[in-house]
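Undergrad: Input: one structure, supplied below.
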Amino acid sequence: MPRTRVTITNVADRREQLRVASRIRTQAVEALRPRLDPENPLNGVHRNRDGQPYFEFNADDFDAVRRFLADHDAGHGIVVTEATERLGEACVNCGNVAGPTLPTVCPNCGFRDIDPCPICGNEVSRRDYRRSGPIFTCPTAINGHYHHVRLTFNEPLFERDGSFRQPLVIVSPAED
């Protein structure tokens, strides 16, 4: 059974986005009695890579979900899609799941997971680097050549208040 993703697209204020998404989620859960997918148990409201709030659940009748949400849209710009991609990692700071790949900066709380590549300057997710022993290859080619970097955790990992230090992962050029 495919997951149903509901995204709120037409609310400007970030706090109001979460209020609207939470209210619509509660109404949908009460009316449609959806199930969480045991293989992808995404509970609550999250933000996608574009910063738009969304939630997911499993429903037996996708068209019934669309009809229900169309009736409750109230100009909020609700987009209903079938979510087929696997869920990615959660932000270590707030638990947000932005999509199949953990972004370099969380669209929900702004936590920086990994530095930009120091050679090409691109924002590259940890998962997109290719590992070859202790060295990683950046997926961005410069003049037809790929460059090598090292990824290390930012030590010490924690601030005095117990939160993670930013960025969580430091990227440095690899000495060839």
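Undergrad: Could you tell me whether any residue of region 29-39 is among the basic types (Lys, Arg), open to solvent by less than 70 Å² (accessible area, probe 1.4 Å) and not in a strand (DSSP E or B)?
TA: So far as region 29-39 goes, no, none of its residues is among the basic types (Lys, Arg), open to solvent by less than 70 Å² (accessible area, probe 1.4 Å) and not in a strand (DSSP E or B).
Yes or no, residue by residue, for (1) under 18 Å from the mean Cα position of the chain (by Cα); (2) modelled with pLDDT of 95 or more; (3) farther than 23 Å from residue 48 by Cα:
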| site | (1), (2), (3) |
| --- | --- |
| 110 | yes, yes, no |
| 114 | yes, yes, no |
| 117 | no, yes, no |
| 140 | no, yes, yes |
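Undergrad: Oh, and also: Residues to consider are 170, 119, 114; find the one that is among the aliphatic types (A, V, I, L, M) and in contact with a helix residue (DSSP H, G or I) (Cβ under 7 Å, 6 or more places away or on another chain).
TA: 114 is the lone residue from the list that is among the aliphatic types (A, V, I, L, M) and in contact with a helix residue (DSSP H, G or I) (Cβ under 7 Å, 6 or more places away or on another chain).
Undergrad: Something else about it: What number goes with the only condition from (1) open to solvent by less than 60 Å² (accessible area, probe 1.4 Å); (2) part of a loop (DSSP other than H, G, I, E, B) that residue 149 does not pass?
TA: The failed condition is (2).
Undergrad: Let me ask you something else. Return the only residue of 78, 114 being hydrophobic (A, V, I, L, M, F, W, C) and open to solvent by less than 20 Å² (accessible area, probe 1.4 Å).
TA: Answer to the check: 114.
Undergrad: Within region 158-176, how many residues turn out to be assigned to a loop (DSSP other than H, G, I, E, B) and either surrounded by 11 or more Cβ atoms within 10 Å (Cβ to Cβ) or among the acidic types (Asp, Glu) (or both)?
TA: 10
Undergrad: Answer with yes or no whether residue 30 is over 20 Å from residue 65 (Cα atoms) and either within 19 Å of the chain's Cα centre (by Cα) or assigned by the TED database to the domain that holds residue 63 (or both).
TA: So residue 30 fails the test.
Undergrad: Any residue that is at negative phi, surrounded by 15 or more Cβ atoms within 10 Å (Cβ to Cβ) and touching a residue at least 40 places away in the same chain (Cβ under 8 Å) - is there at least one of those in region 130-143?
TA: No: region 130-143 contains no residue that is at negative phi, surrounded by 15 or more Cβ atoms within 10 Å (Cβ to Cβ) and touching a residue at least 40 places away in the same chain (Cβ under 8 Å).
Undergrad: Please enumerate the residues belonging to region 13-28 that are open to solvent by 50 Å² or more (accessible area, probe 1.4 Å) and either assigned to a loop (DSSP other than H, G, I, E, B) or in contact with a helix residue (DSSP H, G or I) (Cβ under 7 Å, 6 or more places away or on another chain) (or both).
TA: If the condition is that a residue be open to solvent by 50 Å² or more (accessible area, probe 1.4 Å) and either assigned to a loop (DSSP other than H, G, I, E, B) or in contact with a helix residue (DSSP H, G or I) (Cβ under 7 Å, 6 or more places away or on another chain) (or both), then 13 is the only one that fits.
The values are calculated or read from the model by the stated rules, or taken from the named source; none is laboratory data. These numbers were taken from a predicted model, which means no experiment stands behind them. Cβ sites come from the backbone with ideal geometry, for glycine too, and all protein chains shown count toward neighbours. To get the accessible areas, we keep the full protein, side chains included, count just its heavy atoms, and leave off ligands, DNA and RNA. Shrake-Rupley method; radii C 1.70, N 1.55, O 1.52, S 1.80 Å.
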